[in-house]
Each structure stands twice: as C-alpha cells, then as structure tokens.
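J.: Right, I'll just put the structure down here and ask away after.
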Amino acid sequence: MHSYEPREGHRLAHDPLNSIVAPRPIGWVSTTGPDGTLNLAPYSFFNLFNYRPPIVGFSSIGRKDSVTNAQASGEFVWNLASVALAEPMNATSAAVGADVDEFALAGLTPQPSTIVGPPRVGEALAAFECRVTRVEELTDAGQRGVGAWLVLGEVVAVHLDERVLVDGVVDTLALDPLLRGGGPSDYFTVGAERRLRMDRPGAG
C-alpha cells in the first residue's frame with residue numbers, strides 16, 4: 001500500500017485524490033455580476049445533496065466570480081455539461097476578468113430562466129435554477145479557513161430536454177454527461193456496456 005498523510009505530501013507525480021474520488025459530475029455554474037455581466041464557469045467539486053427540497057452544491061478553490069455573484073444575488077444556475085459541449089465547457093474554464101461574458105467567449109446561448117435572474121445554457125440538455133441557501137468557507141480540522149468556498153442552493157426550477165425522457169424516466173445515457181476524472185486533463189463518459197443494475201434489499 002502507498003500510504004501518506006496529506007499534510008506531508010503524497011510523493012506522487014499528481015495528487016491522487018482527484019483520481020480516487022472519480023468520476024465526478026461537473027458543476028457548470030452560471031451567475032450574473034452586479035453590473036449584469038454574465039458569468040459561466042465549470043467546477044470539478046459539485047453534487048446533489050438532498051431530495052426534498054432538492055439541494056445542489058459546488059465548491060470553489062479560491063473565491064471566484066461564481067461565488068461572489070451567487071452570494072450577492074442569492075441565485076445561480078447549474079447546467080449539464082454533456083460530451084457534445086465539452087469544448088465550450090472547457091473554454092469557460094479560462095481565467096478571465098469579471099467583465100468577460102463567458103457565454104459569448106464560448107459561443108453559447110444564454111436562455112432566460114423562469115424564476116431566477118441568471119440565464120441557463122440554451123444548448124444544455126438539463127439545467128437547475130437555484131436559490132442560494134448557504135455560502136461558507138471550508139475549514140480544516142482546526143477550524144482554520146482553507147481558502148475554498150462551498151455554495152449550496154435549493155433547486156427551484158428544472159429544465160429537461162424531452163429527448164432524454166424515456167417512458168417518463170430520464171435516460172442518463174441520452175444525457176451523455178461529461179465526468180471529471182483524475183489527472184490534469186482526464187474526463188470520462190458513461191456507456192450502456194458499463195451499466196450495472198442492483199435493487200436495494202427489500203425494495204422489490
């Protein structure tokens with residue numbers, strides 16, 4: 001076993017945590033700045049945390065525009081990054097100024113949301129409009145801030161392309177989500193040949 005304490009370094013060519021906790025859905029988050037500038041950025045740390053009400057969250061290493069905008073406006077939109085949108089998604093990861101519209105930068109269509117202010121990505125097969133429930137800096141075990149910010153939001157509206165619905169059920173394969181893996185440039189996809197079905201004990 002290769003064992004180590006993170007505070008002392010991993011002694012490997014690349015931090016293994018991103019490869020172990022993988023693959024991960026991408027938090028492709030759109031927000032609106034105080035001056036109305038549209039912001040769109042992907043976050044590797046993203047997930048769903050509750051059903052009722054539905055709550056999703058993303059974590060930003062450093063207080064970036066998405067965090068600042070979401071906290072100031074109380075709103076953000078999560079957009080599904082599918083394989084077909086891999087290049088535009090990657091383009092929005094560029095380090096640019098707060099005055100740059102990443103929708104325009106990546107050639108994407110800002111589609112008006114129905115409840116919140118920030119637009120969704122018109123080309124995305126799914127999107128969640130969210131109202132912020134919490135923004136806080138993450139801490140270590142000694143309660144010292146680590147410079148990473150967690151943003152949680154309640155999903156108040158869901159948009160689904162009807163092409164991904166099969167008999168009233170969302171077909172994950174049809175969504176073709178792009179998933180983040182380990183290494184600086186590794187992404188993964190899902191495939192029917194890798195599907196595994198298991199019912200919970202007593203669920204039948």
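The values are calculated or read from the model by the stated rules, or taken from the named source; none is laboratory data. Source: prediction; values computed, not measured. Using ideal geometry, Cβ is built from the backbone for each residue, glycine included, and neighbour counts are taken over all protein chains shown.
J.: Output the residues belonging to segment 165-204 that are touching a residue at least 40 places away in the same chain (Cβ under 8 Å) and exposed (fewer than 10 other Cβ atoms within 10 Å of the Cβ).
T.: Hit for segment 165-204 is Pro184, nothing else.
J.: Within segment 39-53, can one find any residue that is surrounded by fewer than 20 Cβ atoms within 10 Å (Cβ to Cβ), in contact with an Asp or Glu (Cβ under 9 Å, 6 or more places away or on another chain) and of a type in the set (Lys, Arg)?
T.: Scanning segment 39-53 turns up no residue that is surrounded by fewer than 20 Cβ atoms within 10 Å (Cβ to Cβ), in contact with an Asp or Glu (Cβ under 9 Å, 6 or more places away or on another chain) and of a type in the set (Lys, Arg).
J.: Checking Asp15 against (1) touching a residue at least 12 places away in the same chain (Cβ under 8 Å); (2) more than 14 Å from the chain's Cα centre (by Cα); (3) in a loop (DSSP other than H, G, I, E, B), which test does it fail?
T.: Among (1) touching a residue at least 12 places away in the same chain (Cβ under 8 Å); (2) more than 14 Å from the chain's Cα centre (by Cα); (3) in a loop (DSSP other than H, G, I, E, B), the lone unmet condition for Asp15 is (1).
J.: In segment 83-109, what residues are in contact with a helix residue (DSSP H, G or I) (Cβ under 6 Å, 6 or more places away or on another chain) and buried (at least 19 other Cβ atoms within 10 Å of the Cβ)?
T.: Residues satisfying the conditions are Pro88, Thr92, Ala106, Leu108.
Yes/no per residue for (1) at pLDDT 95 or above; (2) over 16 Å from the mean Cα position of the chain (by Cα); (3) closer than 25 Å to Val116 by Cα; (4) of a type outside the set (Gly, Ala, Ser):
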{"position": "Val151", "(1), (2), (3), (4)": "yes, no, yes, yes"}
{"position": "Val155", "(1), (2), (3), (4)": "yes, no, yes, yes"}
{"position": "Leu160", "(1), (2), (3), (4)": "yes, yes, yes, yes"}
{"position": "Leu165", "(1), (2), (3), (4)": "yes, yes, yes, yes"}
{"position": "Val170", "(1), (2), (3), (4)": "yes, yes, yes, yes"}
{"position": "Pro177", "(1), (2), (3), (4)": "yes, no, yes, yes"}
{"position": "Gly181", "(1), (2), (3), (4)": "no, no, no, no"}
{"position": "Ser185", "(1), (2), (3), (4)": "no, yes, no, no"}
{"position": "Val190", "(1), (2), (3), (4)": "no, yes, no, yes"}
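J.: How many residues, within segment 100-121, are assigned to a loop (DSSP other than H, G, I, E, B) and either in contact with a Phe, Trp or Tyr (Cβ under 9 Å, 6 or more places away or on another chain) or touching a residue at least 40 places away in the same chain (Cβ under 8 Å) (or both)?
T.: Of the residues in segment 100-121, 11 are assigned to a loop (DSSP other than H, G, I, E, B) and either in contact with a Phe, Trp or Tyr (Cβ under 9 Å, 6 or more places away or on another chain) or touching a residue at least 40 places away in the same chain (Cβ under 8 Å) (or both).
J.: Now, a different point. So, in segment 60-90, exactly how many residues are within 19 Å of Thr189 (Cβ to Cβ) and either of a type in the set (Lys, Arg) or not in a strand (DSSP E or B) (or both)?
T.: So the answer is 10.
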